[in-house]
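Right, one structure below, let's go through it.
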Amino acid sequence: MLRIYQRLWALHWAESWQYRANTLMYLLYWLVSPVVYLAVWTTVANTQGDVRGLTANDFITYYLMLLIVDNLTSTITVHILAYRIQDGTFSGDLVRPVHPILGGVLMNNLSFKVLNFGALLPIWLVLLVLFRPDFSAVTWLNLVLALPAIVLGFGIAFLLGAIITCIAFWTTRVHAINEFYNAVSLLLGGMFVPLALLPPLAQQIAQFLPFQLYLSFPILLILGKLTPEQIGLNFGLQVLWLGLTWLLFELVWRNGVRRFSAVGA
Amino acid sequence: MHIFKLLSTFFKVNVQQELAYRADAVVNMLMSLMWLGWELLSLSIIFSNTATLGGWGPGELVTLLGVWRLVNTLMAALIWPNTEKFNNSVRDGSLDYTLLQPVSSLFLISFGRMVVWRLFDVLLALGLIIGGLTMSGGSATPLQLASFMLLTISGMMIIYSLWIVLIAVTFWFVKFDNNVTILQALMDAGRYPATVYPFWLRMLITFVIPIAVATTVPLQALRGDLAPWQTLLFLGVSAVSLLVAMQFWRFGIRRYSGASS
């Protein structure tokens, strides 16, 4: 089993490396929005001193950390798999001796991530010089705690992405559903705005939905903004949502594969 | 007139093509409405935390959103689909047939493909612009309104010129099919006034990929931030850039030798 994963990794790493110019373009594309939000919120903070207690430095550290966390927890499953289900080439993946999504697709996600992260680091260092954040509140303990939070967060994001992709077994197209998911995730995950600036009711709802578990929670954890109780609650929620998304994924996968009729075959 | 007859023929052909995918068009329009809701919600979150964004009020940001959506529609309705068609035609040589037509090749490759349902987006954008202007209280003078409209059009002309240059580069580097990604990547920065961005980002979207010239600058004219000479300068720049781009296109065409020969 391990050997299969090693081969899959080698395959997808070679493939990702082949498209390194595209990776760089994708990275630039992905980088613009967070930097824009950073600029918007620091402008607001600078004109009035602070925004509900958040200073310009809070926004700068938040968004710089967001670049790292989002890079580690986001997934590309919809982009690499949905069209294969749509045009029927997915049939080939089904005859392999390993789960298509938990094998090849997962490895493809990871190789893309490693390459992307390597390209992000130098850019991130430049941004560090440009924005001069004060990271003095970050402790080693927070960084160590953030590791399982990021891994669990990636697990949730990966399974959600896989579930949305699997809807293609029924509808063939998932573009619209995915756009909707993105829009909700941008608002309630902590991308457009740190969740503390949402209206109170929206904050309450966002806390218990999965979107913040793979973005806002790891960021705030690293930055030392959470009390031990909040950290415990969020880890509990992560385990709960990982279980829920796993069950849902199993359900969707089993029924979906049976419905799959291999268009064009 | 010749050109208008051609345009209306292109339009009819594209309507016929799209009628085959009616459900798609409806879903896409709903998506556009959803993002509009998202954008307005995000603006309301910003303004629930502050009275102005870098000195700009809610009405001005709604107008800016309208202008940004107009530019975005230009991209989505004409620029992206025609780029895809053009890149393929350089690679497989079918550009030969375009060049043989007795009409300007630049005209044919710019308007051959039109995503017709995007007219809906144009209406939404115009609605936002008018809505935003009303929210600001209609304090703009007729001169400011006129320069706002002229600069919106000239801003789109500058983006169109840059597009021509970018795709003409394909004549030298056939595999350069990432040619417009950079334009697309920086689009998101046009949603907010460029004056709130750090210096380097402002320079990037003003001088390198001039998204801000098509979005922030018209709004600055509307707010009365621009001196008359600045307005005239931007109008001049757009005319010059269009001429330079057309010259560059002709220069590039001479490099093209077909795919098989």
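Derivation of every value follows stated rules applied to the coordinates shown; laboratory data play no part. From a predicted model like this one, the values you see are computed outputs, not experimental measurements. Counting neighbours? That spans all protein chains shown, and the Cβs are built from the backbone with ideal geometry, glycine included.
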For this session: Under a 10 Å cutoff between Cα atoms, tell me which one of A:TYR37, A:TYR29, A:TYR181 has the largest fluctuation in the Gaussian network model of chain A.
Result: A:TYR29
For this session: Would you mind giving the three semi-axes, in whole Å and largest first, of the ellipsoid equivalent to segment A:1-144 according to its Cα gyration tensor?
Result: 38, 16, 14
For this session: Mean Kyte-Doolittle of at least 1.6 plus a Cα span of 20 Å or more along the axis: flag which DSSP H helices in chain B meet both, please.
Result: B:119-135, B:142-168
Exercise. Within a Cβ distance under 14 Å of A:PRO218, other residues only, what is the Lys/Arg minus Asp/Glu net charge?
Worked result: 0
Exercise. Using a simple charge model, +1 on the beta-carbon of Lys and Arg, -1 on the beta-carbon of Asp and Glu, nothing else, what dipole does the protein assembly as shown show about its Cα centre, in debye to the nearest 20?
Worked result: 1000 debye
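Can you tally the net charge around B:MET34? Count Lys and Arg as +1, Asp and Glu as -1, for every other residue whose Cβ sits under 13 Å from the Cβ of B:MET34.
-3
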